[in-house]
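Read through the structure below, which is laid out as C-alpha cells, and then see the notes.
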Amino acid sequence: MSKIFEVPLYPYRRSADQDAAQPTRHPVVVVGAGPIGLAAAIDLALHDVPVVVLDENDRVSWGSRAICFAKRPLEILDRLGCGDAMVDKGVVWNRGKVFFDERQVYGFDLLPESDHKRPAFINLQQYHLEHYLVARLQALIAAGKPVELRGANKAVGVEQLDDGVRLSIETPEGTYVLEADFLIACDGAHSPLREMLGLGFHGRVFEDNFLIADVVMDADFPTERWFWFDPPFNRGQSALLHKQPDRVWRIDLQLGWQVDKEREKEPERVKARLKAMLGEDVGFELEWVSIYTFQCRRMDRFRHGRVLFAGDAAHQVSPFGARGANSGFQDTDNLCWKLAMVMKGKAPMALLDSYDSERVQAADENILNSTRSTDFITPKSATSRLFRDAVLDLSAHYAFARPLVNSGRLSLPATHDGSILNGPDCADLPPAVRPGAPAVDAPLEESWLLDRLDSRFHLLGIDSDLPDSLEIDGIPVDCLSVKTDSLPSPALSARYLGDATSAVYLLRPDQHVVARWPSYQEAEVFAAFNRAIGLAPREVAA
Amino acid sequence: MSRLITDPNLPDPDGFYAELLKLHEGREEAESAGINARLILILANHIGDRSILTQAFAAAGASSKKEQGA
C-alpha cells in the first residue's frame with residue numbers, strides 16, 4: 001500500500017488561465033499548499049472569497065516536519081471544520097519527563113484544566129495533517145465554494161502592481177502569467193517569493209546540528225515527552241523522544257556544530273546511535289532522517305503592499321516549543337477575516353496593517369521563547385553550561401529550580417495587548433480574557449463555546465440581556481446570550497465573569513476579544529466594532 | 001529560625017535566566033567567575049540572615065553525582 005505522502009492528491013491539470021490572451025485576474029492567490037496555505041484557502045472559502053492555491057508539488061509533504069499541534073491551533077482547525085479528524089488520529093499527551101545524565105530530575109504534567117474541548121497538545125505527522133486539510137478544501141470545492149488547488153504550478157516570478165500582483169507560473173506545459181488582487185505567500189522558510197521580492201529575513205543561526213529521525217517501532221515507552229540533557233547515550237548533548245500515530249516515534253539527537261553531516265546521515269551510523277539510546281533489542285525501521293541547523297528570524301514586516309507573508313515564510317523558530325506550524329495557523333486565523341472584510345469593501349485597507357502589527361508581536365514572543373529554550377539546550381559558553389547544569393542538578397532536589405529548566409516553552413497563543421483594534425476593558429473581569437486575548441473554551445448547555453463561535457463577529461452576553469440580532473453597517477454580529485445557572489459546569493462563569501455578576505464580550509471572527517463591558521450598551525458596542533475593523537476614531541471622524 | 005525558600009519564588013523565571021546569562025555574554029571564564037563571586041557577596045549582604053545563608057551553603061554544597069566523579 002502506498003503511503004499518503006506518495007499519492008498525488010491534486011495532480012496537474014491544465015487551467016483555462018494558461019490559454020487566456022491576457023493574464024486572468026483572481027481576487028486572492030495563495031502560494032504554497034503546506035499547512036498554512038491550505039488553512040488560508042479554507043478560511044477564505046468559508047468567507048466566500050474566491051481563492052486559487054498554487055503548489056509546486058501535487059501531494060502532501062514527506063519528512064521530519066511539524067508533529068506537535070497545540071490547543072489553540074486545534075481550535076482554529078475546528079473553526080475551519082477539520083479538527084476532529086486530526087484529534088481522532090493524533091496522539092494526545094500531557095506529561096513529560098526531564099532527565100539529566102543518568103537520572104530523571106523531574107516530571108511535569110501540563111494538567112489541562114477540565115472543561116476544554118481540546119487537549120493541550122496532540123502529536124500528528126504533518127503529512128496526515130496536510131491530508132485532512134486537502135480533504136477539507138476539496139470538500140468545500142465539491143460544495144461549490146470558489147476555490148481552486150493547482151498542483152505542479154510553481155511561482156517563478158512576482159511583480160508588485162499598483163492594485164495587485166502579477167505572478168509567473170511554471171507548469172509541466174510551460175509558463176503562464178496570472179494576476180491577483182492579493183497574494184498570500186505561504187511558501188515556507190526558504191520562501192522563493194520573499195527572495196524574488198528582495199525582502200530580508202533577519203535573526204540568529206544557532207551553531208549546532210540536530211539529527212532528526214522518525215522511526216517505526218513497537219516500543220512500550222509511555223505517551224510522554226522525554227527530554228534528556230547530557231545522557232550517557234549522547235554525551236554532552238541533548239535528546240528528545242516523542243510518540244506519533246502509526247507506531248512512529250520522533251527522536252532528536254543534538255550533534256554539535258563541527259560534524260560531518262553526510263556521514264552522520266548514513267543509515268548504519270544513525271542506527272548505531274539509536275540502538276545506544278533505545279537498547280540493542282528494540283527493533284525499528286527508519287522512516288526519515290535529516291540534519292537540521294536551527295534559526296530564529298523573521299521579516300521586518302509581514303505585509304508588503306498586496307503581498308502578505310504567513311507561516312515560516314514570515315518567521316522561523318527553532319522547533320523547541322512547537323511554535324512553528326502552530327504560530328502559522330494563528331497568522332492566517334488573524335489575516336483571513338481582515339482580508340475578507342477589506343475585499344468586500346466593509347473595512348479600510350489599513351485593517352491589513354493590524355495583521356502585520358499583531359502577528360509581528362506574536363512572532364517576537366515566539367522567537368524570544370524559542371531562543372531562550374535553544375540557549376538553555378545548547379549553551380554557548382562554559383559559564384552558560386555551568387549555570388545550565390547547576391539548574392538541572394538543583395531541579396532534582398528543589399522545586400524552585402524546575403521553572404528554570406527550559407527544554408522548550410510549549411506554544412501558547414499571543415494576547416494582542418495594545419493592539420489598535422482593541423476596545424475598552426472592564427477591570428472587574430478575569431485578565432486571561434482581556435481585550436486582545438483569544439477566547440478560552442468552556443462548556444455550554446449542548447456544545448462548546450468555541451464551537452459556537454464561527455467566522456463572524458460575536459457578541460457574548462453572560463447573565464446580561466442582548467438584542468436578538470445585530471447588524472452594524474450591513475455586517476451581521478451574532479448575539480449569543482448565556483445564562484450561567486443553566487450551564488453544566490461553573491467553567492464559563494469562572495473564566496468570563498470571575499467575581500462579576502454579568503458581562504458582555506465582543507469577539508472578532510478569529511475569536512479574539514475586542515472589548516468587554518459589565519452590560520450591553522449599543523453605542524459602546526458599535527464604537528468598539530468600528531475600531532475592530534480598522535476604523536479607529538479619528539478616521540471615523542474624517 | 002527562618003527557612004530557606006526552595007519553592008519557586010521568582011516571577012518571570014525565563015526572563016531572569018536570560019538576564020543572568022546576558023551578564024556573562026562575551027566574557028572570559030575567569031572574568032565570569034569573578035562576576036559570580038561578586039554576585040554571591042552582593043546577594044548574601046542583601047539577604048542578611050546568617051541562618052538562611054548557612055542553609056543555602058548546605059544546599060549548594062551537596063555535590064551532585066556527576067561532581068563525585070561517578
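Computed values, structure above
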quantity: Helices (runs of 4 or more DSSP H) contained in region A:1-97 and holding at least 1 residues at pLDDT 95 or above and under 25 Å from A:Phe210 (Cβ atoms); calculated: A:35-46, A:71-79
quantity: Residue among A:Arg225, A:Arg235 that is among the basic types (Lys, Arg), buried (at least 22 other Cβ atoms within 10 Å of the Cβ), out of contact with any helix residue (DSSP H, G or I) (no Cβ under 7 Å at 6 or more places or on another chain) and closer than 28 Å to A:Asp252 by Cβ; calculated: A:Arg225
quantity: Considering residues of region A:396-411 that are of a type outside the set (A, V, I, L, M, F, W, C) and within 31 Å of the chain's Cα centre (by Cα) only, the residue farthest from the other protein chains (Cβ to nearest Cβ); calculated: A:Ser411
quantity: The one condition in (1) of a type outside the set (Lys, Arg); (2) in contact with a Lys or Arg (Cβ under 7 Å, 6 or more places away or on another chain); (3) surrounded by 19 or more Cβ atoms within 10 Å (Cβ to Cβ); (4) within 28 Å of A:Lys89 (Cβ to Cβ) that A:Tyr10 fails to fulfil; calculated: (2)
quantity: Any hit, region A:412-426, residues being out of contact with any Ser or Thr (no Cβ under 8 Å at 6 or more places or on another chain), at pLDDT below 95, more than 9 Å from chain B (Cβ to nearest Cβ) and over 30 Å from A:Leu351 (Cβ atoms); calculated: no
quantity: Qualifying positions in region A:349-369 - within 11 Å of chain B (Cβ to nearest Cβ) and within 16 Å of the chain's Cα centre (by Cα); calculated: A:Asn369
quantity: Boolean, A:Asp393 is buried (at least 18 other Cβ atoms within 10 Å of the Cβ), within 14 Å of another protein chain (Cβ to nearest Cβ) and charged (D, E, K, R); calculated: yes
quantity: Unmet requirement for A:Ser481, which otherwise passes all of (1) over 19 Å from A:His512 (Cβ atoms); (2) touching a residue at least 60 places away in the same chain (Cβ under 8 Å); calculated: (2)
quantity: Single condition A:Arg298 does not satisfy, out of (1) modelled with pLDDT of 95 or more; (2) at positive phi; (3) charged (D, E, K, R); calculated: (2)
quantity: Qualifying strands (runs of 3 or more DSSP E) (wholly inside region A:475-542; at least 2 residues being modelled with pLDDT of 95 or more and surrounded by fewer than 18 Cβ atoms within 10 Å (Cβ to Cβ)); calculated: A:475-482
quantity: Selection count where residues are buried (at least 17 other Cβ atoms within 10 Å of the Cβ), within 30 Å of A:Ala41 (Cα to Cα) and not small (Gly, Ala, Ser), scope region A:92-125; calculated: 10
quantity: Yes/no for B:Gly48 being among the small types (Gly, Ala, Ser) and facing another protein chain (nearest Cβ under 9 Å); calculated: no
quantity: Every pair of residues 6+ apart whose Cβ atoms lie under 6 Å, when the first sits in region A:96-110 and is over 14 Å from A:Ala399 (Cα atoms) while the second is of a type in the set (Phe, Trp, Tyr); calculated: A:Gly96/A:Phe108; A:Lys97/A:Trp226; A:Phe99/A:Trp228; A:Phe100/A:Phe229
quantity: A:Trp257, sole failed condition from (1) surrounded by fewer than 21 Cβ atoms within 10 Å (Cβ to Cβ); (2) within 16 Å of A:Glu285 (Cα to Cα); calculated: (2)
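Residue-wise test of (1) at the interface with another protein chain (Cβ under 8 Å from one of its Cβ atoms); (2) surrounded by 12 or more Cβ atoms within 10 Å (Cβ to Cβ); (3) in contact with a Gly (Cβ under 8 Å, 6 or more places away or on another chain); (4) not aromatic (Phe, Trp, Tyr).
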residue	(1), (2), (3), (4)
B:Leu4	no, yes, no, yes
B:Leu10	yes, yes, no, yes
B:Asp14	yes, yes, no, yes
B:Lys22	no, no, no, yes
B:Ala56	no, yes, no, yes
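Conditions (1) crowded, with 17+ Cβ neighbours inside 10 Å; (2) of a type in the set (A, V, I, L, M, F, W, C); (3) over 22 Å from the mean Cα position of the chain (by Cα), marked per residue:
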position: A:Pro73; (1), (2), (3): yes, no, no
position: A:Ala135; (1), (2), (3): no, yes, no
position: A:Ala142; (1), (2), (3): no, yes, yes
position: A:Glu148; (1), (2), (3): yes, no, yes
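Yes or no, residue by residue, for (1) under 29 Å from the mean Cα position of the chain (by Cα); (2) at pLDDT below 95:
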| position | (1), (2) |
| --- | --- |
| A:Phe229 | yes, no |
| A:Pro232 | no, no |
| A:Gln258 | no, yes |
| A:Lys265 | no, yes |
| A:Arg269 | no, yes |
| A:Ala272 | no, yes |
| A:Lys275 | no, yes |
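The values are calculated or read from the model by the stated rules, or taken from the named source; none is laboratory data. These numbers were taken from a predicted model, which means no experiment stands behind them. Positions of Cβ are generated from backbone atoms using ideal geometry, with glycine treated the same way; all protein chains shown enter the neighbour counts.
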